[in-house]
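Structure in structure tokens, see below.
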Amino acid sequence: MSRIFLISFNTCDYPHEVYPLGLAVVAAALERAGHDIHIYDYLVAGHNDNDLIAAVEKYQPEFICASIRNLDDDVDSSRQTDNREKFTRFGHLLQKARSLVSAPVIIGGAAFSLMPEVLLDLTDADYGIVGEGEKAICRLIVELQNNEKPDRIIYTFESLIPGPEIKGGYYHDSLVRYYYERSGFINIQTKRGCSFRCAYCTYPGLEGCSFRYRDTKEVIDEISRLKKDLGCNRFFFTDSIFNDPAGHYREVAEGIIAEKLDIQWTAYFTPYCMEKADILLCKMAGLYAVELGTDAACSTTLAGLNKMFDWEDVVRANDIVTHADLACAHFVVFGGPDETYQTVEEGIQNCRQLQKCVVIGNTGIRIYYGTSIYGRAQSEGIVDKDTSLLESVYYFSPEVQKDRVDEMITRGWQRQSHLVFPAEKGKMISQAMKKMYNFKGLLWDKIPLSA
């Protein structure tokens, strides 16, 4: 079998340093196939280019695989960043590594899957895998070993892995310690895909348009091993949403309870069809905080985002969560489809009236290829077919101006400690909590609530 050098090229540490789960799943698949693997984490190594090249030269791999997770390291609509320089730099590193060991370079990851042709050219990699990579990488390596001529870009959407066949990741002890000590939790996925059609979202394009559920017992066993072997007792379920309409999440909660795992965890929840009994079940299983994908601040703009719920559902979900004495945060964006100055003011007041929670606000929606908001942005003249989305391009409703919306929110949320705006303020608060108080975890749950 082959020696394979795997690189996590993520450089983003806000809001948390996040274990490279996508690469870990690929690593586990390669190990099951009998390959010898070495994982190199560019973030853990402090973005040290010389160290990366030295590690490649020492290991002498037959294949180099790189995962690129984030297009943007900082989603802030007040700054338009061109990511070309970052990916060109990654490409130069990969080319230098390839020249030392004469190994083919294969890239993948969420960012690559969003713009495969562009990033393959920028990095000058030999091959790229779009979508989930654990089976595709094993097939590709066999083909290359047999001197076959595979396509340069391999698309996996035609053959998505059935849920029960989705396996967990490779949890390297030193990497787990690094991320657990800094973020306060380890991330696990219980399912892939999403059946909702939110206007801005890339999940359906990356993972498929329906939920694919992992085997519940395997998820519970994975949590148990991480706790027993590596001392992890806090987890973040990184599913697109945890409380899926079919109720698979209840099986996970019941499994945690049945095995008496005694852990704490959080996840992304949707306000859609939330029930008190389900939240209480999750609390019994160790749920301590809920991140609600509210996304807009009034019913009009929720409809503009193709949400399945309205503002009454948001208020109801907030009450269910907070009455269960769970920390609760809403993430909302102003300036989306159908936003007007009237809906901005309505949204400001709606957020002020939410009780016992934190609301983190932003303005402008990052545009990605393949989303319905991309089509809307084209029809409204915000972008055209020649606009490069490698730059961080944001959607704003033609009915509003960003500066005025920012001013309205700043004025409307002033002296409300639980209403956080702009995004940069939230980042500064998080950094201060880490530096001054050594806080870990979500951090927003440490923000004092206004009276």
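Could you say which residue among Ile429, Ile409 is modelled with pLDDT of 95 or more, in a helix (DSSP H, G or I) and either in the same structural domain as Phe331 (by TED's automatic domain parsing) or hydroxyl-bearing (Ser, Thr, Tyr) (or both)?
Unique residue meeting the criteria: Ile409.
Looking at Ser210, is it within 30 Å of Phe334 (Cα to Cα), surrounded by fewer than 17 Cβ atoms within 10 Å (Cβ to Cβ) and free of Cβ contacts under 8 Å to residues at least 24 places away in the same chain?
Values: within 30 Å of Phe334 (Cα to Cα): yes; surrounded by fewer than 17 Cβ atoms within 10 Å (Cβ to Cβ): yes; free of Cβ contacts under 8 Å to residues at least 24 places away in the same chain: yes.
Taking the combined requirement at face value, the residue satisfies it.
Something else about it: Restricting the search to segment 331-357, which residues are under 26 Å from the mean Cα position of the chain (by Cα), assigned to a loop (DSSP other than H, G, I, E, B) and either under 20 Å from Glu424 (Cβ atoms) or among the β-branched types (Val, Ile, Thr) (or both)?
Gly335, Gly336
For segment 265-283: of the residues being more than 19 Å from Phe185 (Cβ to Cβ) and aliphatic (A, V, I, L, M), which is surrounded by the fewest Cβ atoms within 10 Å (Cβ to Cβ)?
In the first step, residues of segment 265-283 are kept if they are more than 19 Å from Phe185 (Cβ to Cβ); the result is 270-281.
In the following step, the residues that additionally are aliphatic (A, V, I, L, M) were identified as 274, 277, 279-281.
Working: Met274: 21, Ala277: 9, Ile279: 21, Leu280: 16, Leu281: 17.
In this case the residue turns out to be Ala277.
State whether one or more residues within segment 376-396 are more than 26 Å from the chain's Cα centre (by Cα), within 23 Å of Tyr268 (Cα to Cα), without any contact (Cβ under 8 Å) to a residue 60 or more places away in the chain and in the same structural domain as Pro271 (by TED's automatic domain parsing). If you could, list the steps in order and put the result at the bottom.
At the first step, the residues of segment 376-396 found to be more than 26 Å from the chain's Cα centre (by Cα) are 379-381, 384-386.
Now narrow it down to the ones that are within 23 Å of Tyr268 (Cα to Cα): none.
Scanning segment 376-396, I find no residue that is more than 26 Å from the chain's Cα centre (by Cα), within 23 Å of Tyr268 (Cα to Cα), without any contact (Cβ under 8 Å) to a residue 60 or more places away in the chain and in the same structural domain as Pro271 (by TED's automatic domain parsing), so the answer is no.
Can you confirm whether Ile360 is of a type in the set (A, V, I, L, M, F, W, C) and assigned to a strand (DSSP E or B)? Talk me through it step by step, then tell me what you get.
On the way: of a type in the set (A, V, I, L, M, F, W, C): yes; assigned to a strand (DSSP E or B): yes.
Criteria met by Ile360.
Which fully enclosed helices (runs of 4 or more DSSP H) of segment 1-118 have 2 or more residues being surrounded by fewer than 20 Cβ atoms within 10 Å (Cβ to Cβ) and at pLDDT below 95?
Values: elements: 21-32, 49-59, 84-101, 110-114.
Per the criteria, 84-101.
Among the candidates Leu261, Leu287, Leu302, Leu292, single out the residue that is free of Cβ contacts under 8 Å to residues at least 24 places away in the same chain and buried (at least 17 other Cβ atoms within 10 Å of the Cβ).
Working: Leu261 fails: free of Cβ contacts under 8 Å to residues at least 24 places away in the same chain; Leu287 fails: free of Cβ contacts under 8 Å to residues at least 24 places away in the same chain; Leu292 fails: free of Cβ contacts under 8 Å to residues at least 24 places away in the same chain.
One residue alone meets the criteria, Leu302.
From (1) within 16 Å of Ile7 (Cα to Cα); (2) out of contact with any Leu (no Cβ under 6 Å at 6 or more places or on another chain), pick out the condition that doesn't hold for Ser67.
Among (1) within 16 Å of Ile7 (Cα to Cα); (2) out of contact with any Leu (no Cβ under 6 Å at 6 or more places or on another chain), Ser67 violates only (2).
Can Leu390 be described as modelled with pLDDT under 75 and within 24 Å of Leu71 (Cβ to Cβ)?
Details: modelled with pLDDT under 75: no; within 24 Å of Leu71 (Cβ to Cβ): yes.
For Leu390, the condition - modelled with pLDDT under 75 and within 24 Å of Leu71 (Cβ to Cβ) - is not met.
Moving on to the next point. Test of understanding: among Ile367, Ile348, Ile373, Ile360, which residue is at pLDDT below 95 and either charged (D, E, K, R) or crowded, with 18+ Cβ neighbours inside 10 Å (or both)? Explain how you work it out, then say what you get.
On the way: Ile367 fails: at pLDDT below 95; Ile348 fails: at pLDDT below 95; Ile373 fails: at pLDDT below 95.
It is Ile360.
The values are calculated or read from the model by the stated rules, or taken from the named source; none is laboratory data. Remember, predicted model here, so these are calculated numbers, not experimental data. Here Cβ is always computed from backbone atoms with ideal geometry, including for glycine, and neighbour counts include all displayed protein chains.
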